[in-house]
Amino acid sequence: MKSKCKVCKYDLTDRPAGGMMKHRKLDRKLAKEYCTDHNDYKHTFKPVWKKCCGALSHYNLIIKKWY
């Protein structure tokens, strides 16, 4: 992969480990494990990947009604 995305200007060389990328199987697994470890009865996490380059953008927090 190139070192910089043309659309969002995400630069892989800025991050020491290269950042988390959707095309890497281990990165997808780590993101999924993070979400399952931090989910509980009040909220759930979902990873959001950038569509242009596939880098992990952020995690969505979805709050559940639990009362």
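Nothing in this text is a laboratory measurement; each read-out follows from the coordinates by a stated rule. The structure displayed is predicted, hence computed values, not measured ones. Please note: Cβ atoms are built from the backbone with ideal geometry, for glycine as well, and neighbour counts cover all protein chains shown.
Give me the dipole magnitude in Debye, nearest 20, for the chain about the Cα centre, with unit charges on the beta carbon: positive for Lys and Arg, negative for Asp and Glu.
Dipole magnitude for the chain comes out near 360 debye.
Hey, what angle do you get for helix 25-38 against the long axis of the chain, alpha-carbon based, 0 to 90 degrees rounded to 10?
On a 0 to 90 degree scale, this one is about 30.
Is it possible to state the helix-based mean residue ellipticity at 222 nm for the chain, with each DSSP H run of 4+ residues giving -39500 (n - 2.57), the sum divided by total residues, to the nearest 500 deg cm²/dmol? What is it?
So the calculated ellipticity at 222 nm is -6500 deg cm²/dmol.
Peptides 50-59, 22-31: what's the order by average Cβ count within 10 Å, highest mean first?
Working: 50-59: 15.7, 22-31: 13.8.
Per-residue Cβ counts within 10 Å, averaged per peptide and sorted highest first, yield 50-59, 22-31.
In the structure shown, do any of Lys25/Lys46; Lys4/Lys29; Lys25/Lys64 have a Cα-Cα gap over 20 Å, and if so which?
Listed pairs above 20 Å: Lys4/Lys29; Lys25/Lys64.
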